[in-house]
Amino acid sequence: MVRWFLGLTAAVAVSLSATAADKYKLDGDNTKIEFTGTKKDGKHVGGFHKLTGEVTHEGDWKIDVTIDTNSLYSDDEKLTGHLKAGDFFGVKDHPTATFTSSKIEKGAKGFTVTGKFTLCGKSKEISFPAEITTGDTFTLKSEFKIDRTDYGMTYGAGKVDNEVALKVTVSAKK
Amino acid sequence: MQLPPTPMILDELRTTVGPSFLIGVGVLIFYRLVLGKSYTPLAAVVALVLSLAVGNHLGQLNPAWWPTEKRFTWLLWLAAAGSLAAAVVRSLKWPTVGHALWAAVAAVAVIRVVPKDYLTTPTWAVPAFVLLAAAVGFGLMRLSERRPGPLTPFVMAAALMTAGAVVIHAHSKSLLDVATLGGMCLFGIAAVVLVTKGDAGPALPGAAFLLTGVLLAGHYETFSKVPTTAFVLPAVAPLLALVGLIPAVDRQQPWVRLVIVLLPVLAVLAVAGGLAAANESLAFGEDEY
């Protein structure tokens, strides 16, 4: 009887600790993903209005984000149409882009986030530096670059730079 | 009329317009001088395939060469394969084998070019795509065989260039490049056969994949205000040229026949280009490249 009671108590404790895991919901209001594309004589900025995802902490920290690529915007309406078309994002064929972290490590100068980034139907493991704080609010700030040709965006080779700068800002409450 | 940015025009001249036209002219003249007039059908196929390959290299359309998930990369290969299949029909006189090869190319086109959304809804999309490509390609090839000369390559070239104008208004530069490669090569071919009166027909069943594929992909991928009609008209316009196969038209004086066959095609193409230009600006939001 005593053994049964102890077992039940342990199960309840484990269950409570799991439900008490840190969980932060991500959306387009608390998470900004912006990009800067460059060319020889200029640059354009843009981003995504809509995304969903969550940051969880159950032993390890994990980040899952799904971006609605149709919510893409840029600093020019016509450019937005071009970016959504097949030359770049091919939004109708690839309506979402996703990121799933596999590892978040703390180093001397901050965190390094590693995970699988899927864009235009192509997946690649990326790592980027980030400033992360936790508590009632999870915040993340990061700036890094990706090579657009890794994701099949070969349009404008030699005219539009392959490297695209990304800026990610998160401020999500529990 | 609004023009694209000057650097874009110069770039197009250097990488697609100029080389494709010169390849069309050069290959046809080379074959005519070295092998004779009877090799014009094969020369037209060689010119189209070479034009697509050189244009892909110069314009860096698909640096990897092997087709990717992007539809235009498949169109380049399908057009080349479709033309080679037509060469088997016309030059090797193996119609059954050639038509079977073309059908196989069409099957690949359905899988790789037709958007998945269109495979089931509307139900007529896939049959319409294949039948239109077959009717335009082999119809014009038949017309070219009966009346060798520049008419049929000119009709296909004009349709491709109009398709390019429509898709550039729909903000698809890669598809414009693909259409231009085929269109300018066929203009070059037409310029030569205007003099030599050769039959360039076998290049057309492959070019028909470029025409229908560019317009279908452009229509699916666009976020512009270009209306659907503007995408449909250039694809069906070459069918009007097939009145030239009607015996009553075929018997007319050459200039009368030319007017009957060509004017309706050009009129429909003009409407398509006008619709695209009236509904969407050419601005890409990119001042220069």
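Just so you know, all these numbers are worked out from the coordinates, no wet-lab data involved. Note that the structure is predicted; figures quoted are calculated from it, not measured. Methodologically, a virtual Cβ is constructed for each residue, glycine included, from the backbone with ideal geometry; neighbour enumeration extends over all protein chains shown.
Would you give the gap between the C-alpha center of region A:42-78 and the C-alpha center of region B:249-281, rounded to a whole Å?
47 Å
Using a Gaussian network model of chain A whose springs link C-alpha atoms within less than 10 Å, name the residue from A:143, A:163, A:58 with the highest mean-square fluctuation.
Evaluated over chain A, the most mobile residue of the options is A:58.
Given axes a ≥ b ≥ c from the Cα gyration tensor, I'd like to know whether chain B is rounded (a/c under 1.5), prolate (a/b larger than b/c) or oblate.
On the way: a/c = 1.34, a/b = 1.31, b/c = 1.02.
Rounded is the answer for chain B, as its axis ratio a/c remains below 1.5.
What does the charge add up to near residue B:89, with Lys and Arg as +1, Asp and Glu as -1, over the other residues with Cβ less than 13 Å from its Cβ? Walk me through the intermediate numbers first.
Details: positive: B:90, B:93, B:142; negative: B:145, B:199.
Every neighbour counted, the sum reads +1.
From other protein chains only, count the Cβ atoms within 10 Å of every residue's Cβ in A:86-96, then give the mean.
On the way: counts 16, 11, 3, 0, 5, 2, 7, 8, 1, 0, 0.
What the average comes to for A:86-96 is 5.
Quickly estimate the mean residue ellipticity at 222 nm for chain A, helices only: each DSSP H run with n ≥ 4 gives -39500 (n - 2.57), and the total goes over all residues, rounded to 500.
On the way: 2 runs with 26 residues, N = 174.
Helix contribution divided over all residues of chain A: -4500 deg cm²/dmol.
Per DSSP H run of at least 4 residues, take -39500 (n - 2.57); add these up for chain B, divide by its residues and hand me the 222 nm value, nearest 500 deg cm²/dmol.
-24000 deg cm²/dmol
Counting other C-beta atoms within 10 Å, which of A:75, A:161, A:87, A:41 has the fewest, and how do the rest follow? Intermediate results must be reported in sequence, preceding the final value.
Values: A:75 12, A:161 17, A:87 24, A:41 9.
By the 10 Å Cβ count, ascending: A:41, A:75, A:161, A:87.
Does region B:153-289 come out rounded, prolate or oblate, given a ≥ b ≥ c as the square roots of the eigenvalues of its C-alpha gyration tensor, rounded meaning a/c under 1.5 and, failing that, prolate meaning a/b above b/c?
On the way: a/c = 2.39, a/b = 1.77, b/c = 1.35.
The shape class here is prolate.
Set Lys and Arg Cβ to +1 and Asp and Glu Cβ to -1, take the dipole of chain A about its Cα centre, and tell me which of A:137, A:88, A:36 lies farthest positive.
A:137
Would you tell me the mean number of C-beta atoms belonging to other protein chains that fall within 10 Å of each C-beta in B:159-172, as a whole number? Please list the in-between numbers first.
Working: counts 0, 0, 0, 0, 0, 0, 0, 0, 2, 0, 0, 4, 11, 6.
Per residue, the number of nearby Cβ atoms from other chains is 2 on average.
Using a Förster distance of 60 angstrom, determine the FRET efficiency expected from the C-beta separation of residue B:252 and residue A:25, and round it to 0.05. Intermediate values should be presented prior to the final figure.
On the way: r = 74 Å, r/R0 = 1.23.
Given R0 = 60 Å and the Cβ-Cβ separation, E is 0.25.
What's the local net charge at residue B:18, with K and R +1, D and E -1, over the other residues with C-beta under 12 Å away? Show your work: numbers first, answer last.
Numbers: positive: B:14; negative: B:11, B:12.
Taking every other residue near residue B:18 into account, the sum is -1.
Indicate the gyration tensor shape class of region A:22-173 (rounded, prolate or oblate), computed on the Cα atoms with a ≥ b ≥ c the square roots of the eigenvalues: a/c under 1.5 is rounded; otherwise a/b larger than b/c is prolate and the rest oblate.
Details: a/c = 1.91, a/b = 1.69, b/c = 1.13.
Prolate.
Evaluate the relative contact order of chain B (contact order divided by residue number), counting alpha-carbon pairs under 8 angstrom at least 6 apart; express in whole percent. Walk me through the numbers on the way to the answer.
Numbers: 507 pairs, mean separation 73.7, N = 289.
RCO, chain B: 25 percent.
Let me know the mean shielding of A:75-84 by other chains, meaning the per-residue number of their Cβ atoms within 10 Å of its Cβ. Spell out each step's value before the answer.
Numbers: counts 1, 5, 3, 9, 5, 3, 11, 11, 5, 5.
The shielding value for this peptide is 6.
Assuming R0 = 25 Å, can you tell me the calculated FRET efficiency for the pair residue A:41 and residue B:10, based on Cβ-Cβ distance, to the nearest 0.05?
On the way: r = 15 Å, r/R0 = 0.60.
The value I calculate is 0.95.
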